[in-house]
1. Restrict the check to segment 147-158 and report whether at least one residue is closer than 13 Å to I34 by Cα, in contact with a helix residue (DSSP H, G or I) (Cβ under 7 Å, 6 or more places away or on another chain) and either exposed (fewer than 15 other Cβ atoms within 10 Å of the Cβ) or not β-branched (V, I, T) (or both).
2. Let me spell it out: the conditions are (1) assigned to a loop (DSSP other than H, G, I, E, B); (2) surrounded by 17 or more Cβ atoms within 10 Å (Cβ to Cβ); (3) not charged (D, E, K, R), and Y104 meets all of them except one. Which number is the exception?
3. Cβ-Cβ below 6 Å, separation at least six or inter-chain, first residue in segment 209-233 and loosely packed, with under 14 Cβ neighbours inside 10 Å, second not in a helix (DSSP H, G or I): which pairs?
4. If a residue has to be at pLDDT 95 or above and more than 15 Å from A147 (Cα to Cα) to count, how many in segment 189-199 make the cut?
5. Can you tell me which residues in segment 48-89 are without any contact (Cβ under 8 Å) to a residue 12 or more places away in the chain and assigned to a helix (DSSP H, G or I)?
6. Within segment 162-194, work out how many residues are in contact with an Asp or Glu (Cβ under 9 Å, 6 or more places away or on another chain) and of a type in the set (D, E, K, R).
7. Kindly indicate whether N98 is more than 20 Å from R184 (Cα to Cα) and either at pLDDT 95 or above or more than 20 Å from the chain's Cα centre (by Cα) (or both).
8. So for segment 151-158 (the condition being more than 30 Å from E108 (Cβ to Cβ), touching a residue at least 40 places away in the same chain (Cβ under 8 Å) and touching a Gly at 6+ places or on another chain (Cβ under 8 Å)), does at least one residue qualify?
Amino acid sequence: MVMLQTVNLYSGYGKLKVLFDINFRAKEREITVIVGPNGAGKTTLLNSICGLATIHSGKVIFEGREITGMPTHKVAKMGVAYLPQLGNVFSDLTVEENLRIAGYLLEEKELKDRIDEVLDLFPKLRAFLKRKAGTLSGGERRMLAIAMALIRKPKILLLDEMTTDLAPILVKRVLEKVVELRDRLGLTIVLVEQHAKRALEIGDWAYLLVSGTMRFEGRPDELLEHPQFAKLYLGIVK
């Protein structure tokens with residue numbers, strides 16, 4: 001079943017159009033990967049879904065309900081968690097304080113239960129509860145950001161460039177955790193990634209976005225094996 005989709009979407013910022021006629025779908029309990037060169041409009045697509053971009057025409061639909069242009073806080077309340085590339089943790093606060101802020105609307109008992117649940121998923125964070133988030137490694141901060149999003153028990157996670165500037169071994173660990181979230185929690189995940197090959201290897205469905213238009217939709221292995229797209233747009237040479 002399709003959880004999230006855009007229909008003939010044209011969007012951007014103010015009068016500037018960045019995306020043109022975008023038809024996109026993310027199915028339940030799947031990892032949908034969006035790849036493409038820098039400046040292709042990948043982040044703009046996520047911003048359009050979450051009410052952070054200007055919609056010129058077209059629709060955004062979540063669980064059968066149109067949410068086009070809906071304010072960001074209302075989109076989040078419906079169960080959409082968006083983790084932007086930057087600014088997704090509070091560096092001057094401890095890990096525990098970050099988790100508490102993520103669930104500030106919850107009653108104390110429920111918040112404690114939720115924190116315990118996410119720490120079971122990210123056991124390494126238990127040892128860092130009293131450490132400031134700014135002292136964590138890049139990979140640990142990414143894990144904290146995802147844990148914060150999970151406090152709210154979202155229906156879908158939108159992850160924007162979560163592996164940027166990470167060492168290869170940390171990229172692998174972060175993407176393995178994304179797979180675990182799908183398999184263990186049944187989460188629907190939309191993954192925007194510059195590490196195209198690794199992201200496509202874990203995805204269930206893939207899109208290639210170039211210059212604001214969709215150039216490919218299909219199985220990730222088909223995109224990886226495409227003789228032109230893989231080399232020209234993803235830097236993958238067979």
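The values are calculated or read from the model by the stated rules, or taken from the named source; none is laboratory data. These figures come from a predicted structure and were not determined experimentally. Here the Cβ is made from the backbone with ideal geometry for all residues, glycine too, and neighbour counts use every protein chain on show.
1. Within segment 147-158, one or more residues are closer than 13 Å to I34 by Cα, in contact with a helix residue (DSSP H, G or I) (Cβ under 7 Å, 6 or more places away or on another chain) and either exposed (fewer than 15 other Cβ atoms within 10 Å of the Cβ) or not β-branched (V, I, T) (or both).
2. With respect to (1) assigned to a loop (DSSP other than H, G, I, E, B); (2) surrounded by 17 or more Cβ atoms within 10 Å (Cβ to Cβ); (3) not charged (D, E, K, R), Y104 is out only on (2).
3. Going by the 6 Å Cβ cut-off, the qualifying pairs are K231/V237.
4. Going through segment 189-199 one residue at a time, the tally reaches 3.
5. Passing the criteria: H73, K77.
6. 2
7. yes
8. Checked segment 151-158: no residue is more than 30 Å from E108 (Cβ to Cβ), touching a residue at least 40 places away in the same chain (Cβ under 8 Å) and touching a Gly at 6+ places or on another chain (Cβ under 8 Å).
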